[in-house]
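Visitor: Below is one structure. I have some questions about it.
The values are calculated or read from the model by the stated rules, or taken from the named source; none is laboratory data. This structure is a prediction, so every number in the text was calculated from the model and none was measured. Methodologically, a virtual Cβ is constructed for each residue, glycine included, from the backbone with ideal geometry; neighbour enumeration extends over all protein chains shown. SASA here: full protein model, heavy atoms, side chains in, ligands and nucleic acids out. Shrake-Rupley method; radii C 1.70, N 1.55, O 1.52, S 1.80 Å.
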Amino acid sequence: MGTILFFIALIFEIAFTVYCIVTKQNHLKFRNWVRIVAFAAFVILVFSSVIVWSFRWVLLAALLVILAVIGTASLIRNKASNRDYKTSRIVVKAVMMTLLLILVFVPALVFPQHKLPKVTGQYEVATATYTYIDKNRIEEFADTGKNRFVNVQYWYPENADGTHPLLVFSHGASGIKTSNDSTFRELASHGYVVCSIDHPYHSFYTVSDDGSFTLINSDYKMEVDNANKEGIYTREQFYGLIQKWMKLRTDDMNFVIDTIIEKSRNDTAPVYQHISKDKIGVFGHSMGGAASVWIGRDRKDVSAVVNIDAPFFSELAYNNETGNLAASGKAYMTPILNIYSDDVWKQLGSNSTYAANYTADKNFMEAYTVHFQGAKHLSLTDLPLFSPLLANMLQGGKAAIDSYYCIETENELILKFFDYTLKGTGRFTAEGTYGSR
């Protein structure tokens, strides 16, 4: 929708400029009426839901309001349409308006309006956000002496009877808590309470209950960027970074899970009253998936893990003799579903970071593996739908797999796995490889 409206506006601006130059008139009256009509058309599109109102339309709406007010005032004054005609002035105005159009359409072009992935459950989905303060930890990233805070968002079945399994999600290296919003909605619609964590200073940004805004830490981001380049860190140094990153992530997840369990006992907020503290699953994307696998090993009350495109950092050991990483070989007892894109799949068996993933069938009591052929790393999040441009830039090109097919099939698999492990519904089966569509 944004692209269509942008090109309509651009074509009109060019055509109108040419018309003015050819006729050697300003045609102000006509332009003013067009401004008013454009604003009215935008309002009609919004109220008819052709345009779904959101942040992406704010700048355009503001421009249309301003132009409509100017146009109305000009018509009331009945300003002559051919006064002080100058070709140079017409051209300058056209260039300025074109630049202004580009500016106001940027949000709609970068974050295009799109249909939402299907939600198939019986329950309406409600959401809630909270900021939790960990009184046992001091924030390491800020020299303020304040306690560590963690922002969370819940998706839960509204007006559902009884209690429901709790699922805790951890985002990727620089992701945000809404990275897999469609997954959370699908799960909540089927009777799960989903809590997604923003890890402050690891997340790209996070907003607390008091409105304070926290961006990703630059040193941490540099560590992650350099870890993905050859020759920056030795394998031993990389192993040390893993331990540091995972310490913060797992501390956050443990704190959130413990907080939720406590609040489910004594907090009257609707979301907590829906939680069954005896049925807990964890899942995450990329670094968040690695943290989830770690939590699945350490906590006895976690009964299921979904790892989305992540290495098993908890299952690695550094070998001093070889100077490389290797699978620890320890048994892993929690049922796990591993979902891989091509980006990770091609590294299994060749990159020691994924040494434990490669041997999962030997060391894991109950492990299921799924590969989305044609998918890239971010195909397993909502970003390719929310912003195809950003997704393609961040992952080095467009994925071959259809974005809707990929995320909806992934959501279906995650739902079936948690139904099997936490609700005891049937057996979990998967095709193994899901092809490009």
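Visitor: Take each of the peptides 222-229, 16-23, 187-194, 404-411, average the number of other beta-carbon atoms within 10 Å over its residues, and list them starting from the highest. Before the final figure, lay out the partial values.
Guide: Numbers: 222-229: 13.0, 16-23: 14.6, 187-194: 25.2, 404-411: 21.4.
Put in order of decreasing packing, that is 187-194, 404-411, 16-23, 222-229.
Visitor: Let me ask something additional. Once you compute Rg and the Kirkwood Rh from C-alpha atoms, what is the Rg to Rh ratio for region 370-437?
Guide: Rg/Rh for region 370-437 comes to 1.06.
Visitor: Using only the heavy atoms of the protein chains and a 1.4 Å probe, how would LYS300, LYS277 rank by accessible area, largest first?
Guide: LYS300, LYS277
Visitor: Another one. Considering only C-alpha atoms, what is the centroid distance from region 282-318 to region 378-437, in Å?
Guide: If we compute the Cα centre of each part, the gap is 18 Å.
Visitor: Kindly state, to the nearest 0.05, the FRET efficiency for VAL207 paired with GLN122, given R0 = 35 Å and r defined as their beta-carbon distance.
Guide: 0.65
Visitor: Past 31 Å, Cα to Cα: identify those pairs from LYS279/LYS362; LYS263/LYS416; LYS135/LYS244; LYS221/LYS376; LYS221/LYS279; LYS93/LYS398, in the order given.
Guide: Over 31 Å apart, Cα to Cα: LYS221/LYS279; LYS93/LYS398.
Visitor: Test of understanding: what is the full-extension gain from GLN25 to LYS346, defined as 0.36 nm times their sequence separation minus their Cα-Cα distance?
Guide: Details: separation 321, 0.36 × 321 = 115.56 nm, distance 6.35 nm.
Length gained between GLN25 and LYS346: 109.2 nm.
Visitor: Only Cα pairs under 8 Å and at least 6 apart count here; give the relative contact order of region 1-110 as a rounded whole percent.
Guide: 48 percent
Visitor: In Å and whole numbers, how far do the C-alpha atoms of region 264-378 stretch along each principal axis, longest first?
Guide: 54, 34, 21
Visitor: Can you compute the helix-only [θ] at 222 nm over the chain? Use -39500 (n - 2.57) per DSSP H run of at least 4 residues, normalise by all residues, nearest 500 deg cm²/dmol. Kindly include the intermediate steps, with their values, before the conclusion.
Guide: Details: 15 runs with 197 residues, N = 437.
The per-residue figure over the chain is -14500 deg cm²/dmol.
Visitor: OK, next. Between the alpha-carbon centers of region 158-188 and region 191-236, tell me the distance in whole angstrom.
Guide: Cα centres, region 158-188 to region 191-236: 19 Å.
Visitor: Calculate one ³J(HN,Hα) per residue across region 154-167 by plugging θ = phi - 60° into the Karplus curve 6.51 cos²θ - 1.76 cosθ + 1.60, and present them in order as whole Hz with x for glycine and proline.
Guide: These are the phi-based 3J(HN,Hα) values: 10, 10, 8, x, 7, 6, 8, 7, x, 10, 9, x, 9, 10 Hz.
Visitor: If the chain were replaced by its equivalent ellipsoid, with semi-axes equal to the square roots of 5 times the Cα gyration tensor eigenvalues, what would those be, largest first, whole Å?
Guide: 49, 25, 22
Visitor: I've got another one for you. Among the aspartates and glutamates, which have Cα under 15 Å from the Cα of LYS177 when same-chain residues fewer than 8 positions away are ignored?
Guide: ASP198, ASP209, ASP252, ASP382
Visitor: Under 4 °C and 1.567 mPa s, how fast does region 179-332 diffuse according to Stokes-Einstein, given a Kirkwood radius computed over C-alpha pairs? Answer in µm²/s, whole number.
Guide: Estimated via Stokes-Einstein, D reaches 75 µm²/s.
Visitor: Would you mind getting the Kirkwood hydrodynamic radius of region 232-297 from its Cα pairs, rounded to one decimal in Å? Each step should come with its number before you reach the end.
Guide: Working: mean 1/r = 0.0738 Å⁻¹.
13.6 Å is the Kirkwood radius here.
Visitor: Then there is this: Would you please give the FRET efficiency between VAL46 and THR268, computed as 1/(1 + (r/R0)^6) with r the Cβ-Cβ distance and R0 = 41 Å, to the nearest 0.05?
Guide: Working: r = 38 Å, r/R0 = 0.92.
So the FRET efficiency works out to roughly 0.60.
Visitor: Also, I was wondering about something else. Using the eigenvalues of the Cα gyration tensor, what equivalent ellipsoid semi-axes result for region 1-110 when each is taken as the square root of five times the eigenvalue, whole Å, largest first?
Guide: Value: 26, 16, 11 Å, ordered largest first.
Visitor: Separate question: Note down the relative contact order for the chain as a percent, whole number, built from C-alpha pairs under 8 angstrom at least six residues apart.
Guide: Details: 775 pairs, mean separation 51.9, N = 437.
Computed over the chain, the figure is 12 percent.
Visitor: Would you kindly derive the ³J(HN,Hα) couplings of region 62-67 from the backbone phi angles with the Karplus curve 6.51 cos²θ - 1.76 cosθ + 1.60 (θ = phi - 60°), listing them in order in whole Hz, with x for Gly and Pro?
Guide: Coupling constants for region 62-67: 4, 4, 5, 4, 4, 5 Hz.
Visitor: For an R0 of 35 angstrom, estimate the FRET efficiency from the Cβ-Cβ distance between TRP33 and VAL95 and round to the nearest 0.05.
Guide: According to the calculation, E is roughly 0.95.
Visitor: Sticking with this structure for a sec: Can you work out ³J(HN,Hα) from phi for every residue in region 361-374, in order, using Karplus 6.51 cos²θ - 1.76 cosθ + 1.60 and θ = phi - 60°, giving whole Hz and x for Gly and Pro?
Guide: Per-residue couplings from phi come out as 4, 7, 9, 9, 4, 9, 10, 10, 10, 10, 10, 9, 6, x Hz.
Visitor: Taking the radius of gyration and the Kirkwood hydrodynamic radius from Cα positions alone, what is the Rg/Rh ratio for region 125-240, to two decimal places?
Guide: On the way: Rg = 16.9 Å, Rh = 15.9 Å.
Rg divided by Rh gives 1.06.
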